[in-house]
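Student: I am attaching a structure below and will ask some questions about it afterwards.
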Amino acid sequence: MDILLKKLASFVLAIALVPMATFSAAAASAPVQSAVKVEYNKKEIVFPDQKPLIRDSRTLVPIRPIAETLGFKVDWNEKTRTVTIDKGNDNIRLVVTQKIAKKNGQTINLDVPAQIVNQRTVVPVRFIAEALSYKVDWDQATQTVLIADQAVVEEEKPQEPAKPAEDNSKPEQASFDKDSISGKSFRLGTMGIYEILGTVDPKAEVTVTLEGKTYEVEVKADGTFEFYRTTYDGIKNFTLKAEVDGKEDTFEGEFAARN
């Protein structure tokens, strides 16, 4: 009788432990919810259900609330599991579980694929910068992703003092104003966001080379230029090249970490 009671007790204990083990395994595989916030032009974006989260050291954000806040139209095709995002002449398509997106037919590589979490499509935060073409910063103190469009970025910059009248007669800058060039970078998770600012001859065509890849840089009417690029973290150097009237000028620079 004692042996029978011991076996019965062992059986009951084993059954009682099954739900606990199952719960522990489910909790271990669940994504890490975080206190990450997202702001657009200093206004916090509200996520009605699924919040931004961290998975495998990547910050993932629900794409629909952000895209719609930025003025994009978002559609979902359940059959093909495809998200389509449209605004003006821009068309972006991404398929859940794939690590690429298409913007106007051009391929954009993602750190991690788009995923479904709690019936919401989430994407890595760098997708906002590369696919939707918005400026993305990171506020470490408040754990906030800061999204801004170019118009707001321009307004927030301090106004340059008016040049003395005699400067109007000076010839245009024939090459890079090397004292004006600065390169800064900051880290957002495992990705790096890089910024290059400077001044050049307004007529010049400017390119920048990072890690063997060359990108065109838009030069404004006053000769100033700004370049932003979101890619993997760890790039140290950049090369600028200007061409005007058959003449060339180059500048070799290093990125300084932004505080």
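Student: Give the residues of the stretch 53-78 that are over 18 Å from the mean Cα position of the chain (by Cα) and either at pLDDT below 90 or closer than 26 Å to LEU188 by Cα (or both), sorted by residue number.
Tutor: Of everything in the stretch 53-78, just one residue is over 18 Å from the mean Cα position of the chain (by Cα) and either at pLDDT below 90 or closer than 26 Å to LEU188 by Cα (or both), namely VAL74.
Student: Of the residues that sit in the stretch 210-246 and are among the hydroxyl-bearing types (Ser, Thr, Tyr) and at pLDDT 90 or above, which one is surrounded by the most Cβ atoms within 10 Å (Cβ to Cβ)?
Tutor: Only one residue tops the list, namely THR224.
Conditions tested, residue by residue: (1) assigned to a strand (DSSP E or B); (2) open to solvent by less than 30 Å² (accessible area, probe 1.4 Å); (3) modelled with pLDDT under 80.
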| residue | (1), (2), (3) |
| --- | --- |
| ASP137 | yes, no, no |
| THR142 | no, no, no |
| GLU166 | no, no, yes |
| GLU172 | no, no, yes |
| LYS178 | yes, no, no |
| SER182 | yes, no, no |
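Student: Please give the strands (runs of 3 or more DSSP E) falling wholly within the stretch 191-256 in which 1 or more residues are under 19 Å from the mean Cα position of the chain (by Cα).
Tutor: In the stretch 191-256, the matching strands (runs of 3 or more DSSP E) lie at 191-199, 205-210, 213-217, 224-232.
Student: Continuing with this model, one more query. How do the pairs read when you match residues in the stretch 127-146 that are at positive phi and touching a residue at least 60 places away in the same chain (Cβ under 8 Å) with residues anywhere that are exposed (fewer than 15 other Cβ atoms within 10 Å of the Cβ) and of a type in the set (S, T, N, Q), using Cβ under 8 Å and keeping only pairs 6 or more apart or on different chains?
Tutor: As it stands, the answer is GLN143/SER34, since those pairs meet every condition given.
Student: Which ones in the stretch 87-99 are open to solvent by less than 60 Å² (accessible area, probe 1.4 Å) and over 16 Å from ILE128 (Cβ atoms)?
Tutor: ASN91, VAL95, VAL96
The values are calculated or read from the model by the stated rules, or taken from the named source; none is laboratory data. As the structure is a prediction and not an experimental result, all values here were calculated from the model. Note that each Cβ is placed from the backbone with ideal geometry, even for glycine, and that neighbours are counted across all protein chains shown. Each accessible area value is taken on the protein alone, full model and side chains, heavy atoms only, with ligands, DNA and RNA left out. Shrake-Rupley method; radii C 1.70, N 1.55, O 1.52, S 1.80 Å.
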